[in-house]
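Undergrad: Just dropping this structure here.
FYI, it's all coordinate maths here, none of it is from the lab. All values derive from a computational prediction rather than experimental measurement. Here Cβ is always computed from backbone atoms with ideal geometry, including for glycine, and neighbour counts include all displayed protein chains.
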Amino acid sequence: MALSLKKKPVTGMKDMLPGEMEIRDYVIRLVKDTYKTYGFQSMETPCVEHIENLCSKQGGDNEKLIFKILKRGEKLKLETAKTEDDLVDGGLRYDLTVPLARYYANHANELPSPFKAMQIGNVWRADRPQKGRFRQFMQCDIDILGEPSGLAEIELILATTAMLGKLDFANFTVCINDRNILKAMAAYSGFKEEDYDEVFIILDKMDKIGAEGVAAEFLEMGYSREQVETYLHLFEETSADVEGIRHLKEKLGDCLSSGTAEGLEMIMSSVEAAKDCEFHICFDPTLVRGQSYYTGTIFEVRMDDFGGSVAGGGRYDKMIGKFTGQDTPACGFSIGFERIVMLLLENGYEVPGKRNKKAYLLEKKLPKEGLLKVLKLAKADREAGCQVLIVNMKKNKKFQKEQLREDGYGEIVDCYADSWEEVL
């Protein structure tokens, strides 16, 4: 009895048809071309990382979603294994940032300083699949390593927004905050430093459960109503612009680290002055960003048409030091490639500047001389920049032509056995 193989892909993975691939390929080319004009250099890391690196408490909740890989060959000893560590030594990367930190630690002496890195590749998370979210998906990251000043944030934001503008996206907003401001607001309100992570997780729910829901959870943690009201009032009285930053600087006083407010204001004003396309940039003191490795500025691109973020990033000055023992300034921005492609597909996006597409339909009885003539013509067409398809003519030629036209073939040439010399 023949083995019946499964046609559908593994849960959480997807097959991609040519129509989607055309857009994906175009977006990748656009991303690379745009980022290169800002001086970013392509690099690549393996899809498999050491399990110790992936489980180093740098990736937040993503570390719960690792596809772990068993040891191979003689190293895999199932019969004597007592713990997971005896079985596993690697895993599929869940993002591109942890691998980049390892890469830089390994090659710093061979790389320029600062190093402007561009990395595009698949990552894997054992997440619950849903619309627009898969277990294998593409990430596009740019990072600047070795630059401590706000110039890194400015360049990352300008490059990413320029790329989005070239895809004709409008009505999007760059939201920006700083982890030091988050900590200062919590300290000013009387929250304990050891509770900051939990406090920020709750704050991050503000857009979903509202101020009342956030307040209720803080009260459950044991904080007084006065502390909670003080904390939430800070957000209510802070505007979403540089004036809001100045207000918090004055209000928070010594709770806020020196230079934080000035640095954030400089980034916002510089981006506003130098941007290549139309978008809004706003200060959002409720912006948290989940990854625990962020140490300073954090930012997101929110798209009104999507109702959520399509890009995010921030400064992570401590991560590379985990590998080298010496901290290295680092800042990165990642676009939600899959979300962007999904939006383009839903909006019927047409790749600009498509090549002319021409098809030759060959009758099966076409003589050798006719075939050689078609091949010669096709070669000339391709040299002229045309995309050429040569296929045998089907019985239902009308339906065949309809399919070709749907695929964008504007010119179709019928090559019959008895009249090929006249047609060609």
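Undergrad: When mean projected area of the Cα convex hull in nm² is calculated directly from the model, which label among [x] 27.9; [y] 29.3; [z] 30.4 fits?
TA: [z]
Undergrad: Here is a follow-up. Mind telling me which of L30, L78, L167 comes out most flexible in a GNM of the chain, alpha-carbon contacts under 10 Å?
TA: Answer for the Gaussian network model of the chain: L78.
Undergrad: Further question: Test of understanding: extend the Cα→C-beta vector of K354 to 7 Å, then name every residue of region 17-31 with backbone N under 11 Å from that spot.
TA: Taking a point 7 Å out along Cα→Cβ of K354, the residues of region 17-31 whose backbone N falls under 11 Å are 19, 22-23.
Undergrad: Related question: For a test of the definition: using alpha carbon positions, the gyration tensor, and the 1.5 limit on a/c, classify region 357-423 as rounded, prolate or oblate.
TA: Details: a/c = 2.33, a/b = 1.06, b/c = 2.19.
It comes out oblate by the Cα gyration axes.
Undergrad: Let me ask you something else. At q = 0.25, 0.26, 0.28 Å⁻¹, work out log10 I(q)/I(0) for region 174-218 with the Debye formula, treating every Cα as an identical point scatterer and leaving solvent out; two decimals please.
TA: -0.98, -1.03, -1.11
Undergrad: Going 7 Å from the Cα of N106 in the Cα-to-Cβ direction, what parts of region 315-347 have a backbone nitrogen less than 19 Å from that spot?
TA: Taking a point 7 Å out along Cα→Cβ of N106, the residues of region 315-347 whose backbone N falls under 19 Å are 319-326, 328.
Undergrad: For R72 and D418, compute 0.36 nm times the residue count separating them, minus their Cα-Cα distance, and round to one decimal in nm.
TA: Length gained, R72 through D418: 118.3 nm.
Undergrad: Taking only Cα atoms, what is the 0 to 90° angle, nearest 10, from helix 242-252's long axis to the longest principal axis of the chain?
TA: 30 degrees
Undergrad: In whole percent, what relative contact order does region 170-304 give with Cα contacts below 8 Å and a gap of six or more residues?
TA: 54 percent
Undergrad: While we're looking at this one, here's another question. Can you tell me how much longer the chain between C277 and A126 gets when fully stretched, taken as 0.36 nm per residue apart minus their C-alpha distance, in nm with one decimal?
TA: 50.7 nm
Undergrad: Round to the nearest 10 and give me the degree value, 0 to 90, for the angle of helix 18-37's Cα axis relative to the longest principal axis of the chain.
TA: 60 degrees
Undergrad: Given labels modelled 7 Å from the Cα in the Cβ direction, how far is it in nm from E229 to Q403?
TA: 7.1 nm
Undergrad: K397: which aspartates and glutamates have alpha carbons under 12 Å from its alpha carbon, excluding same-chain residues fewer than 8 sequence positions away?
TA: Candidates past the 8-residue exclusion: E363, D414.
Undergrad: Further question: Net charge near I412, counting Lys/Arg +1 and Asp/Glu -1 over other residues with Cβ under 14 Å of its Cβ?
TA: The answer is 0.
Undergrad: So what is Rg over Rh here for region 170-304, counting just Cα atoms and using Kirkwood for Rh?
TA: Here the Rg-to-Rh quotient is 0.96.
Undergrad: While we're on this one: Given region 170-304, what percent of its DSSP beta bridges are antiparallel, to the nearest 5?
TA: 65 percent
Undergrad: Round to a whole angstrom and tell me the spacing of the C-alpha centers of region 1-59 and region 369-424.
TA: Cα centroid of region 1-59 versus Cα centroid of region 369-424: 35 Å apart.
Undergrad: Compute the acute angle (0 to 90°) between the alpha-carbon long axis of helix 260-274 and the principal axis of greatest extent of the alpha-carbon atoms of the chain; round to the nearest 10°.
TA: For helix 260-274, the angle is close to 30 degrees.
Undergrad: Report the antiparallel proportion of the DSSP beta bridges in the chain as a percent, rounded to a multiple of 5. Provide the component values of the computation, followed by the final result.
TA: Details: 41 of 58 bridges.
Of all bridge pairs located within the chain, approximately 70 percent are antiparallel.
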